[in-house]
Structures are given as C-alpha cells and as structure tokens.
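A short write-up of the structure that comes next.
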Amino acid sequence: MSSRCNLRFLIPGLALLLGGVPSVLAVWPQPQQIRNSAERYSLSARAFLFKHADVSAVRSGCDVLDQAFTRYFTLIFPESGGGAHNRYFWTEADPFTVEVNVAEGPCDGYPAEGSIENYKLTVSPGQAVLTSVTVWGALRGLESLSQLVEQDDYGAYYINKTEIEDFPRFQFRGLLLDTSRHYLPLQAILKTLDAMAYSKLNVFHWHIVDDPSFPYQSRKYPDLSKKGAYHPFTHIYTQTDVRRVIEHARLRGIRVLAEFDSPGHTQSWGNGQPSLLTPCYRGDVPSGTYGPVNPILDSTYVFMANLLKEVTSVFPDSYIHLGGDEVDFSCWKSNPDIKAFMKKMGFGSDFTKLESFYMQNIVNISTMLNRSSVVWQDVFDYHEINRPRYVVEVWKWGCYLCEVRRVTKAGLKVILASPWYLDLPGPTHDWARYYNVRPLAFKGTEEQKKLVIGGEVCMWGEYVDATNLSPRLWPRACAAAERLWSDEVQTSSVDQAFPRLTDFRCRLLRRGIQAEPLYVGHCKNEYQGI
C-alpha cells in the first residue's frame, strides 16, 4: 500500500473532508456559546450601516471603533474597495444595521491586564446588535460578525440568524516575534498584528533585541543601535516606528509587551556599551572575549535603570519582560573579580545565585518604575529563597506542566509557551499537536489554576525573516489561539476543528495573510499577493 493511501489516517479531519464537510460555523476561535439557524439575510455594501447605540457610553469620535467600523466594512465587503466615505457608511433605504452598545468608557486608553473582552452578538432580520462592557470586547464582537458573513456561489453576500455569547478563557493570549536574529520590516510586524486580531490574540511580545543585533534605537544610549544593529539606519526601529506599532496594536485591542533580555543574550549590547559585559579570562589574562552582563558593577545597574526608564516611557503596558534565560556561566567562572565577589557574598561556586542576585536587582528596578516583571522560567528555577513577585514564562519542553504546577504552588502567575514554539518548519497538519495542548492538565488546586493567565506562540528568528514569517505562523498559530480563547471541552475534537480551520485559513488568504494550506484543496479567493 502506498503512503498516499494512508494519508486519510494521518491528516486530522481528513475523514470528514473526504466524506463531505458539514456546515461550517465560520467563527474562529469558536465562541463560548453560538446558536445559528438556516435562516439567512441578504447583505449589500450599499445598504449596510454601523452605528452607535443611543445608550452607548462610547459614541462617535472614539478612534478605536471609528477605525474598526471602516476596517471591518472593507473586510466584510472587500470588493467595495473601502469606498465607505461617511459615517458609517453610504447607504440606500432600509440598510442592514450593526448597532454597537459599549457599557463603559473610556476609548482613548490602551488594552491592559484585566481588560474585559466579553461581548454578545445577535443577528436578526435587518440588524445585528453587539453589546460589550468595553471597546475591546466590541472589537472581538466585530471580528466574529465579520466571520459570519458569507458569499453564495453567485457572489451575493448573506448572514445567518445567529446568537453569540462570548468571552476568552485566558486573559493573556500572546505571540512572540524575535526581531534580533533577523530584522523584520515594520510592515511585516503590522501585518502580523492584523492576523493576531483576526485570531483574537491580544498580546504582542516583542523580543526586540538579542545577541546578534540591537535594532531598538535608544535616545539615552544611541550607540546601542548605532553599533549594535545590523545597519544603523536601515535595520533599526526608531521611536516613531515603535509608536506606530503600539498604536496599530492598540486599535486592534492588542497589548505590546517589550522584552529586553539580560544578563545573557546581550552580545550586541556590548558594542555600544563597552563596560557592560563581563571580560572573559584564559587563565590569568583576559581572552579578549566577553560574556553576559557584568553583575558586580554599580555602573551596570545605573545603565539598566536608565535604559528601562526609557523603555517604560515608550512602551505603556504594565508588564515588561526582563528575560533571564540561558545564561552561560563559563565567562563568569573565568573572571577573577567575579570569583572574588562570589566569595564575598557567600555564593560559593553556585553561579545560579549570582544570576539571582542580578535578576533581583533588575526586578527591583522594574518595580520602582511601576511595572510588573515577566521572566523566563530559569529565574524561578534558580531563585528558591526570597523570591520576588513576577510572572513566570514556562518555555522548556520536558514536563512543562510539572513546572507550571511548581510555579503556581509558589503563588506566582504563569504564561505557558513550551508547547507553542512554531519557529521550526513542519507540516501544516502539525497544527493538531498545538491544538491538543491542555494548559490546566496538572494536579493542583483551583487557586493554582487561576494563576495560569494564558500562553503564547513563539516565533524565534534563527530561520525566520519576512520571506517566511507569515506562512510559518499561520494557520498553526490559530490552533493555539482557539485553545487559549475557547472552551476546552467544546473544542476537544481535532476532526471537528479541521473544516472550521480550513475555512478560516481561506478567510486569512482573502484578507492578505499568506497562510499555508492544511491539505489538498482550494479556496474561492486564493491569495493574490504573489
């Protein structure tokens, strides 16, 4: 028997595909509750209106919703060319009206930890009513509404009678991009934010600098990018660029979590800040090479305090990621000044205590700047006594749920990343492995499980740049997005998810996202950007 004959047993959902796909409830991630019927209503771009409810706390002039109305009009009716020029928008008589009622303002802030994303959506003859507590919930509801609109074989638009009550399972649903190992142009980042919003992911974790390059342009320390970026003018992110990313994200209900990882992963920092890194020794003489940040110098903490003060003035989120992973101790071990400091502090030969000493100081700086620290799990593993309050990101494979259990038992919040590393290539049908993750499948109390605030997809940059970023991310990242948003029991079947994800992948193509195919087939609207 040829390998092709076995494919139906290897591809999740293929049995459904070969036997005929049932009617697809075309909302991804799946809402907590969705009820729809065969009753459908015709739609037309020339008779379609977004409006604020009379009792809404948020009205015209709210840029988050004003721009969302324009954006979603074009997504719903792409052939219109975005030709809706008025509020909200040009209409013939008796338009289909989408009425949005937001219970609470304001509209001019940023999404934050604890932002309420709940919404209710009812589609009935001639209208859709969307209610939410905040504008962030309204954005999620508009996304669901846009996915309910279909076209028949003749190109006519319609929407089925539907009721949705929805909210996210986890508050933190992130995606990490690494812009140090390969520089990602601004447009690639902005397009990723668009796809995140389509999938209801809500945190962009920007791993902006690392060993290979330092593309963040600091005003306080301009030499960091001038001497540490791949190119001081073409491969940097200016303050204007950063603000543009943050604003693009805000308008889509996405937080921007900046990461400045130290004391390891800092080789590029040393080019513009020569005294920052630890000189390595060969025997009794310097080798001419440098290791992690030097944790014994007062000047190190002055520099870090100044840099983080600037970073927190640029990035408004209440979280900052301080890294703390994969520190190579060999250079510290070779340095006589470091060894003398270790002896003075009573650390003996345990260099994890030295890293803990450094991270404690950096977390304290973050606290003084009124920021909550996120760190990689290494910091938790190395710091068993007098542990400060921080959020732990679990990234090592192994028994990652064992780690989640240990961290939550210590009373600390957890972000789970281990099972969602997507940077290495693989068949698109690997999505099932990411879909089948069970973040709370560990033995622990309900209080422990409440400390798991969510998870994130990680796209590291060793083998990824703008040429392959999007197809490597999508639609595999969508599997994690549904796991983090939807009810786990209702979305436990890969076979049932497969036709919905196939449909959503086609929708991403229509919206200009280069998402890989899940299996043999075609979309009505193939990707046109090639």
- Note on the structure: HN-Hα couplings for segment 458-474 via Karplus (6.51, -1.76, 1.60; θ = phi - 60°), in whole Hz with x for Gly/Pro, come out as 10, 10, 6, x, 4, 10, 9, 9, 5, 6, 10, 4, 5, x, 6, 7, 10
- Using alpha carbon centers only, segment 32-54 is separated from segment 354-384 by a whole-angstrom value of 49 Å
- If the convex hull of the alpha-carbon atoms of segment 147-282 is projected onto planes in all directions, what is the mean projected area in square nanometres? 12.6 nm²
- Message: Restricting to DSSP loop positions (anything but H, G, I, E, B) with no more than 15 other Cβ atoms inside 10 Å of their own Cβ, which trypsin sites (Lys or Arg not before Pro) remain in segment 389-455?
- Response: Arg389, Lys396, Lys443
- Can you pull the three principal axis extents for the Cα set of segment 294-366, in Å, largest first? 40, 23, 19
- Item | Radius, Kirkwood style, for segment 276-332 when every pair of distinct Cα atoms is counted (Å) | 13.3 Å
- Query: Roughly how many whole Å is it from the C-alpha centroid of segment 203-233 to that of segment 262-312?
  - Reply: 15 Å
- Item | Heavy-atom accessible surface of segment 253-390: percent carbon and sulfur, 1.4 Å | 52 percent
- Task: Please work out the Cα center distance from segment 100-124 to segment 476-530, rounded to the nearest Å.
- Result: 25 Å
- Per DSSP, the loop-located chymotrypsin sites (Phe, Trp or Tyr not before Pro) within segment 377-477 having at most 14 other beta carbons within 10 Å are Trp397, Tyr463
- Task: Note down the net charge around Cys399, summing +1 for each Lys or Arg and -1 for each Asp or Glu among other residues with Cβ under 14 Å from its Cβ.
- Result: +3
- Query: Helix 351-368: angle to the longest alpha-carbon principal axis of the chain, degrees 0 to 90, nearest 10?
  - Reply: 60 degrees
- Dimensionless Rg/Rh of segment 238-286, both radii on Cα and Rh by Kirkwood, sits at 1.26
- Task: With a ≥ b ≥ c taken as the square roots of the eigenvalues of the C-alpha gyration tensor of segment 330-413, please select rounded if a/c is under 1.5 and otherwise prolate if a/b is larger than b/c or oblate if it is not?
- Result: oblate
- Order of exposure, largest accessible area first, which applies to Glu482, Glu447, Glu462 with probe 1.4 Å: Glu447, Glu462, Glu482
- Message: What whole-number volume per residue, in cubic angstrom, does the convex hull of the C-alpha atoms of segment 353-511 give?
- Response: 151 Å³
- Task: Based on the mean of other Cβ atoms within 10 Å per residue, sort peptides 251-262, 97-108 so the most packed one is first.
- Result: 251-262, 97-108
- Table column - 3J(HN,Hα) (Hz), segment 42-51, Karplus curve with 6.51, -1.76, 1.60, x for Gly and Pro: 6, 10, 9, 4, 8, 9, 8, 9, 8, 8
- Helix-only [θ]222 nm of the chain, DSSP H runs n ≥ 4, -39500 (n - 2.57) each, per residue, nearest 500: -9500 deg cm²/dmol
- Query: Computed over the Cα atoms, what is the radius of gyration of segment 207-325 divided by 2.2 N^0.38 Å, N being its residue count?
  - Reply: 1.13
- Item | Relative packing of 292-304, 149-161, which averages over residues the other C-beta atoms within 10 Å, highest first | 292-304, 149-161
- Message: For the chain, report the % of Cα-Cα distances exceeding 38 Å.
- Response: 32 percent
- Regression test value, accessible area per residue of segment 337-427, probe 1.4 Å, units Å², expected 46 Å²
- Would you mind putting 220-233, 268-281 in packing order, based on average other-beta-carbon counts within 10 Å, highest first? 268-281, 220-233
- Near-label residues of segment 160-199 by backbone N, under 17 Å of a point 7 Å along Cα→Cβ of Asp325: 173-182
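The values are calculated or read from the model by the stated rules, or taken from the named source; none is laboratory data. What you are looking at is a predicted structure, and each value in this text was computed from that prediction instead of being measured. Note that we place each Cβ from the backbone using ideal geometry, even for glycine, and neighbour counts take in every protein chain shown. We work out accessible area using only protein heavy atoms, side chains counted, and drop any ligands, DNA or RNA first. Shrake-Rupley method; radii C 1.70, N 1.55, O 1.52, S 1.80 Å.
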